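A quick write-up on the structure given underneath.
Every number in this text was worked out from the coordinates using simple rules, so none of it is lab data. This structure is a prediction, so every number in the text was calculated from the model and none was measured. Counting neighbours? That spans all protein chains shown, and the Cβs are built from the backbone with ideal geometry, glycine included.
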Amino acid sequence: MITFPGTLDDADAARAVRYAGAEAVALWHGDHDLRGVAAVVVPGGFSYGDYLRAGAIASLAPIMSEVVAAAGRGMPVLGICNGFQILCEAGLLPGALVRNKGLHFVCRDQRLRVESTATAWTSALRNSQEIVVPLKSGEGRFVADAATLEELEGEGRVVFRYVGVNPNGAAADIAGVSSVDGRVVGLMPHPEHAVDPLTGPAREGLAVFESVLRVAV
């Protein structure tokens, strides 16, 4: 779990990983070593206060050089909210995340449809399955040029799509995308907040974390 100045959700993401039966390892933005981890989660928050573009400064942190190199070797990487923004800025995922349509911060439980289970992070889910995941962001609108959107759709790299009202104006209702090899995934809603160890429909978010354990092992 990588922490940047302004990261808010690293503790929640670490808790979710522990519920999934894995060991959560704390990584700092200034580190030059991934400490032998089997997968990386880039949590949500406001890295460096989003003073430039959201995620732009964090993408240049020393730890991200290690993440980019590890992703190139096939390590699973998950970016959540600000983490999704960072992965796009680092070139690990296509497109960009910009201000929500209407310029309002959105905080709500959001229904998502699973569009692809052919990734390291969604193999425990079912195609067309709907899950409820909390969404909280002011710059969550996924955008890309027409050629990139066509490529994502044609290659099955749209991983999650918003169901019902599009909360932020994202292109084609896209809530999450993957790399070509499916090892890197970014999504705007927060599955780590959907993990309830006791009850509730949002507990299905735990499967996102459970699935990577089989890949890593």
Phi-derived 3J(HN,Hα) across the stretch 28-36 with the Karplus relation (6.51, -1.76, 1.60, θ = phi - 60°), rounded Hz, x for Gly and Pro, is 10, 4, x, 5, 10, 9, 7, 6, x
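Which peptide among 33-39, 114-120, 81-87 comes first, and what is the full order, when sorted by highest mean count of other Cβ atoms within 10 Å?
Details: 33-39: 14.0, 114-120: 21.0, 81-87: 30.4.
Taking the mean over residues of other Cβ atoms within 10 Å, the ranking is 81-87, 114-120, 33-39.
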Report ³J(HN,Hα) in whole Hz for each residue of the stretch 87-102, in order, from the Karplus equation J = 6.51 cos²θ - 1.76 cosθ + 1.60 where θ = phi - 60°; Gly and Pro get x.
5, 5, 5, 7, x, 7, 9, x, x, 8, 10, 10, 4, 4, 4, x
The local net charge around GLU23, scoring Lys/Arg +1 and Asp/Glu -1 for residues other than GLU23 whose Cβ lies under 13 Å from its Cβ, equals +3
Roughly what % of DSSP beta bridges within the chain run antiparallel, to the nearest 5?
70
So what is the calculated 222 nm ellipticity per residue for the chain, using -39500 (n - 2.57) for each DSSP H run with n of 4 or more, over all residues, to the nearest 500 deg cm²/dmol?
-6500 deg cm²/dmol
Taking the alpha carbon gyration tensor of the chain, what are the square roots of 5 times its eigenvalues, largest first, to the nearest whole Å?
22, 20, 17
